[in-house]
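Here the structure comes first, spelled out in structure tokens, and everything after it is commentary.
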Amino acid sequence: VSSQVGCTLNCTFCHTGTQPLVRNLTAAEIVAQVQVARDELGEWPSPKEDRRLSNIVFMGMGEPLYNLDSVADAIDIIADNEGIAISRRRITVSTSGVVPELRALGERTQAMLAISLHATNDALRDELVPLNRKYPIAGLMAGIRAYPGLGNARRVTFEYVMLKGVNDSPAEARALVKLLSGVPAKINLIPFNPWPGSPYACSDWGAIEAFAAVLNRAGYASPIRTPRGRDILAACGQLKSDSEKERASVRRARERAAGLQKTPEAAPAPGNEP
Ligand code: SF4
């Protein structure tokens, strides 16, 4: 599910990131995405067992830790037994590495943590995930090691997009093993989903398998994600839409035309606003 419309970050492999932030989603809008998926799966009212919607990942459009209040409220509703009753252990929040918010995320949501890593050294990660310039890898790893509740039953998922000739060598796989040493982790290898004008290509299948083999030998589960939705530009990192932030003056004009804006006479007297 998404947490924002657009994104303030500009990860260079991500088409979604080329869409400027329009706004944060509300908790209701986040929960509604789950409800729409359940409706599509025919899970309404919610069955107690054999659910087809079994896991939720905050990994759509936007950076969830820049909208933590709404994300935390949405998770409370999704996890509540009187709500959708999906266990917090089945809810994962993926971040590009907003280090100062990691602890609050863990304490407020008890959600599983995923990190959009993609590189093992600061020079390359600065380029792929520019937020790294603000929160470099060493501090990020320290924040991850301190994530509340971390353990073998609650591993961190590291996402690693496979970019041909950029981050996909066996040496980089070995560097990744070294970087993650001591962190209960699994690694998702994501074949790059190309988009018009992107500067990268997807790694060859052989390179992805060789990379995964290094991780497997070191004892890490490292599934290669099956790309889904590429044909409609809706796969991972391809969620750019046509929404744009509306200028306040345009919005006021539109609301006036629709008769929605309060006239000055109808506006509450100062001090009486709700
Ligand atoms: S990968 Fe996530 S955080 Fe980075 S630009 Fe894309 S949507 Fe934003």
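No value in this document is a laboratory result; all are computed from the given coordinates. On a predicted model such as this, the values are computed, not experimentally measured, just so you know. With ideal geometry, Cβ positions are generated from the backbone for all residues, glycine too; neighbour counts draw on all protein chains shown.
Residues that are of a type outside the set (Val, Ile, Thr) and in contact (Cβ under 8 Å) with a residue 60 or more places away in the chain do occur in region 95-105, at least one of them.
For residue 165, the conditions (1) exposed (fewer than 14 other Cβ atoms within 10 Å of the Cβ); (2) assigned to a helix (DSSP H, G or I) all hold with the exception of (2).
Checking 198, 169 one by one, the residue that is more than 30 Å from residue 19 (Cα to Cα) and hydroxyl-bearing (Ser, Thr, Tyr) is 169 and no other.
Contact map, region 1-27: residues that are of a type in the set (D, E, K, R) paired with residues that are more than 9 Å from the ligand (Cβ to nearest atom) and outside any loop (DSSP other than H, G, I, E, B), Cβ distance under 6 Å, separation 6+ or inter-chain. Pairs shown: 23/5.
Can you find even one residue in region 105-113 that is buried (at least 17 other Cβ atoms within 10 Å of the Cβ) and within 16 Å of the ligand (Cβ to nearest atom)? Among the residues of region 105-113, at least one is buried (at least 17 other Cβ atoms within 10 Å of the Cβ) and within 16 Å of the ligand (Cβ to nearest atom), which makes the answer yes. Restricting attention to region 182-202, does a residue exist that is among the charged types (D, E, K, R) and closer than 16 Å to residue 220 by Cβ? Yes, there is a match, as at least one residue in region 182-202 is among the charged types (D, E, K, R) and closer than 16 Å to residue 220 by Cβ.
A single entry from 74, 37, 27 fulfils the requirement of being crowded, with 16+ Cβ neighbours inside 10 Å, within 26 Å of residue 158 (Cβ to Cβ) and away from the ligand (no atom under 16 Å from the Cβ): 74. Condition test on residue 53, is it touching a residue at least 24 places away in the same chain (Cβ under 8 Å), under 15 Å from the mean Cα position of the chain (by Cα) and either surrounded by 12 or more Cβ atoms within 10 Å (Cβ to Cβ) or near the ligand (Cβ under 9 Å from one of its atoms) (or both)? In short, no.
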